[in-house]
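The values are calculated or read from the model by the stated rules, or taken from the named source; none is laboratory data. Just so you know, these numbers come straight off a predicted model, no measurement behind them. Here the Cβ is made from the backbone with ideal geometry for all residues, glycine too, and neighbour counts use every protein chain on show. These accessible areas exclude ligands, DNA and RNA; they are computed on the full protein's heavy atoms, side chains included. Shrake-Rupley method; radii C 1.70, N 1.55, O 1.52, S 1.80 Å.
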Amino acid sequence: LIGVCVPLFNVGAVWPMARHGQHGLWRELVRNPLIIATLSGLLANLAGLSIPEWLAPTTNRIGQAALALGLMAAGAGMQLGRMAQAQTLAVLVILIKHVLLPVAALGVAWAWQLDPLASTVLLMFSAVPTASSCYVLAARMGYDGPYVAGLVTVSTVMGMVSLPFALGWLVQFR
């Protein structure tokens, strides 16, 4: 699911930025490292390829470091003063991501009567913070990187509240 959704969401993010920046959509999609990496991983998984056991600890450490480095990059690029320029947009993005999306996921889990494990996974993915790769993508494509870095930072802080809240509601409904 993630291997399919991440490229689709990245296409959805690249499209308006490419249009706004007067760049060719296909050129930006083919050069987008997030889409290339995710599709490559999905194709390798579908082909039955796996990382050799001896290489797994190294790739695991690199993956763990990538998250921290992404957050550090977003923090370094952040200018909270930029958030004041478009407060309504920031508030709406945070509300949608950290309130409406978990509520919608809870509704889906309830309506489709998902088992507890599937419900937990759905709620976890609905309440996690915005990915730091948003900042990387925005900065790479010439968009307002400091504004996006601020959104990522606020979303990370809000994730500390929304994730336990969403999972707490799941326990209430089970």
Exercise. Do we have any residue at all in segment 33-42 that's touching a helix residue (DSSP H, G or I) at 6+ places or on another chain (Cβ under 9 Å), under 16 Å from residue 138 (Cα atoms) and touching a residue at least 12 places away in the same chain (Cβ under 8 Å)?
Worked result: yes
For this session: Check 37, 65 and return the single one that is open to solvent by less than 100 Å² (accessible area, probe 1.4 Å) and closer than 30 Å to residue 118 by Cβ.
Result: 37
Exercise. Among 141, 158, which is within 16 Å of the chain's Cα centre (by Cα) and touching a residue at least 40 places away in the same chain (Cβ under 8 Å)?
Worked result: 158
For this session: Return yes when residue 74 is open to solvent by less than 40 Å² (accessible area, probe 1.4 Å), touching a residue at least 12 places away in the same chain (Cβ under 8 Å), part of a helix (DSSP H, G or I) and out of contact with any Phe, Trp or Tyr (no Cβ under 9 Å at 6 or more places or on another chain) and no when it is not.
Result: no
Problem set entry | Options 29, 8; residue that is open to solvent by less than 60 Å² (accessible area, probe 1.4 Å), part of a helix (DSSP H, G or I) and free of Cβ contacts under 8 Å to residues at least 24 places away in the same chain | 29
Seminar exercise, completed: Only unsatisfied item for residue 135, checking (1) surrounded by 20 or more Cβ atoms within 10 Å (Cβ to Cβ); (2) among the aromatic types (Phe, Trp, Tyr); (3) over 29 Å from residue 64 (Cα atoms), is (3)
